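To start, the structure under review is shown below, and the notes come after it.
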Amino acid sequence: MTRKSQKDLELFYAEQFANIMNYKWNIIAQEDEQNYPDLLIDTHNSMFGLEVRELFVDEGFENGSKLKNKEQTNINVLQELASKYYENSKKPIYVKIFGKVDSNNFDKVLMVLLNSKVNQHQVVSEKLITNFGLLTVNITGLTEEFSNYSYWQNISDNIGIIKSSNLDYVEEVIKLKSKKIPKYSHYIKNVSLLLFCTPLFNSGKLHFEKWDSIQKFGFINIYIYKHPQNGYQY
């Protein structure tokens, strides 16, 4: 993920969290992350720094989340598939795939899309036999106003089981992030932490219940955001 796309995500989740909590935040992207936290928050009464961190159901602190890596790979493949499709067709479509698309079946899936006779608002389903088993491609025809629509989906990444959040894991994340606080202290004194998860994807299917307390490890506030429904402040 590029630095710009990461910054865009930090801004997006901070804005969504502030909205659901009815916080009057003016959120400022901060590019100098050697000296400042990810974002600066102007509340009109004060200014504080905000670090932003995603939570995962399967995180290994050495190697990250395998589910997240798989999901990002699938997103990249679908973006490439959409790009190749629109190089050869002007008909806008929405695609949902169940199964794995890779270099072994990429061209077959592309040909299915290009040969589809789907009309506007119509849905067609095609099935392919691949090295990984059955792959299903659902294609929905869109109106011309959706030209080059490419927000396609791999359903395999969205049908996992929701797991309960673990306080020990969350506090370990907070502890690791808190190591950055001292280097910010010369420029900004108050730093908080926003932890978020995205249950749309398997890697973020976490269920939160509000804990009685949480270790902050030097952060002023800990914010937890389960996008898009629930927000908590500690």
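The values are calculated or read from the model by the stated rules, or taken from the named source; none is laboratory data. The shown structure was predicted, so the numbers you read here are calculated from the model rather than taken from an experiment. So basically every Cβ, Gly included, is an ideal-geometry build from the backbone, and we count neighbours across all protein chains shown.
All of (1) of a type in the set (D, E, K, R); (2) within 30 Å of GLN30 (Cβ to Cβ); (3) touching a residue at least 60 places away in the same chain (Cβ under 8 Å) hold for LYS175 with one exception: (3). One residue is enough: does the range 22-38 have a residue meeting the conditions surrounded by 14 or more Cβ atoms within 10 Å (Cβ to Cβ), in contact with a Pro (Cβ under 9 Å, 6 or more places away or on another chain) and at pLDDT below 95? Yes. Of the strands (runs of 3 or more DSSP E) lying entirely inside the range 1-93, those containing at least 1 residues that are within 30 Å of SER147 (Cβ to Cβ) and in the same structural domain as LEU193 (by TED's automatic domain parsing) are 26-29.
So that you can scan it fast, the table gives a plain yes or no per residue for (1) assigned by TED's automatic domain parsing to the domain that holds LEU135; (2) modelled with pLDDT of 90 or more; (3) hydrophobic (A, V, I, L, M, F, W, C):
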position: TYR151; (1), (2), (3): yes, yes, no
position: ILE181; (1), (2), (3): no, yes, yes
position: LEU193; (1), (2), (3): no, yes, yes
position: PHE201; (1), (2), (3): no, yes, yes
position: LEU206; (1), (2), (3): no, yes, yes
position: SER213; (1), (2), (3): no, yes, no
position: ILE220; (1), (2), (3): no, yes, yes
position: TYR225; (1), (2), (3): no, yes, no
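Residues in the range 139-180 that are surrounded by fewer than 16 Cβ atoms within 10 Å (Cβ to Cβ) and of a type in the set (S, T, N, Q): THR143, SER147, ASN148, ASN158, SER164, ASN166.
Only one entry of HIS186, HIS207 meets the criterion of being touching a Ser or Thr at 6+ places or on another chain (Cβ under 6 Å), farther than 24 Å from LEU11 by Cβ and surrounded by fewer than 17 Cβ atoms within 10 Å (Cβ to Cβ), and that entry is HIS207.
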